[in-house]
Structures are given as structure tokens and as C-alpha cells.
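Here the structure is laid out as C-alpha cells; the discussion comes afterwards.
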Amino acid sequence: MTRIDIKRVYEPATAADGLRLLVDRLWPRGLGKDEAAADRWVREIAPSPALRQWFGHDAARWDEFRRRYVAELDAMPETVGLMRRLLQEHKQVTLLYAAKDEAHNHAIVLADYLRKP
């Protein structure tokens with residue numbers, strides 16, 4: 001079973017991170033590729049621009065955001081399949097995101113989604 005963690009991309013990389021996957025659609029501001037230390041950038045798995053803009057990191061919209069993002073994930077079987085293959089190939093995967101809000105961000109939803117069979 002693969003362990004899936006989430007982490008802000010601005011936090012230092014550690015060996016315990018395993019495979020580091022950047023899951024944001026936009027590259028993190030002010031961060032170089034070496035600093036990000038992402039093994040792969042899977043931008044297609046991020047919420048659509050329209051959903052991201054609608055959410056606006058408004059915690060009051062969190063439940064509806066989760067529902068809409070899961071619906072988007074359900075509609076992208078190829079990209080979800082890629083993520084599941086990467087999980088099968090590694091014992092530890094860390095999903096990297098740039099949002100400041102550590103309690104309300106798409107990486108939480110994505111990790112929960114990928115943990116389900």
C-alpha cells in the first residue's frame with residue numbers, strides 16, 4: 001500500500017517524501033525548479049481554472065468545492081490512471097501544492113480520492 005502525504009511545495013524536501021508530485025496547475029510563485037524538488041509536475045490533475053477561481057480559497061465554499069473537484073476527477077480517467085500507476089510504482093508519494101491554506105486545498109481532496117480503491 002502506498003503512503004500518500006501532502007506538503008506545501010515551499011517546505012524543504014526530505015528523503016521521507018518519496019516521489020514528489022507537484023499537483024498545481026500553475027507553477028508556484030517565486031520558486032525555482034531546483035527549490036521545488038518535484039520529481040514530476042502533473043498539472044492536469046489540478047482543479048480546472050474555472051473551479052479554482054470560483055473557490056478562491058474561501059473556506060465557506062469548501063464542501064461544494066470538494067464535490068465539484070471530485071466530479072472533475074471522475075471525468076478525467078486517463079490522468080487519474082496516470083496518478084494511480086505512479087502510486088503503484090512507489091511506496092511513498094508526496095503531493096505538493098502551493099496554497100497557503102493547509103486545511104482547505106485541492107491536494108487534500110486529491111489525496112482522499114486517490115486513497116479510495
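The values are calculated or read from the model by the stated rules, or taken from the named source; none is laboratory data. Note that the structure is predicted; figures quoted are calculated from it, not measured. With ideal geometry, Cβ positions are generated from the backbone for all residues, glycine too; neighbour counts draw on all protein chains shown. Remember, those area values only see protein heavy atoms, side chains included, never the ligands or the DNA or RNA. Shrake-Rupley method; radii C 1.70, N 1.55, O 1.52, S 1.80 Å.
Structure notes:
- Lysine pair number, Cα distance threshold 19 Å (strictly under), the chain, separation 8 or more or different chains: 4
- For segment 1-52, the fraction of C-alpha pairs more than 11 angstrom apart is 72%.
- Placing dummy labels 7 Å off each Cα toward the beta-carbon, the span from Thr14 to Ser48 is 3.8 nm.
- Length-normalised contact order of segment 27-117 in % [C-alpha pairs under 8 Å, at least 6 apart]: 34
- Residues whose amide H comes within less than 5 Å of that of Ile6, counting only those at least five positions distant or on another chain, are Leu95 (H built at 1.01 Å from N in the peptide plane).
- Backbone HN-Hα couplings from phi across segment 96-102 [Karplus 6.51/-1.76/1.60, Hz, Gly and Pro as x]: 9, 9, 9, 3, 6, 7, 7
- Debye equation applied to the C-alpha atoms of the chain, log10 I(q)/I(0) at 0.12, 0.19 Å⁻¹: -0.39, -1.02
- Compactness relative to 2.2 N^0.38 Å, alpha carbon Rg of segment 56-117: 1.17
- Here the Karplus curve 6.51 cos²θ - 1.76 cosθ + 1.60, taken at θ = phi - 60°, turns the phi angles of segment 108-117 into couplings of 5, 5, 4, 4, 4, 4, 6, 6, 7, x Hz, with x standing for Gly and Pro.
- Model label zone, Arg29; criterion: amide N under 20 Å from point 7 Å along Cα-to-beta-carbon; scope segment 73-117: 96-107
- Take the chain with all the other protein chains still there, run a 1.4 Å probe, and you get 58 Å² of accessible area per residue.
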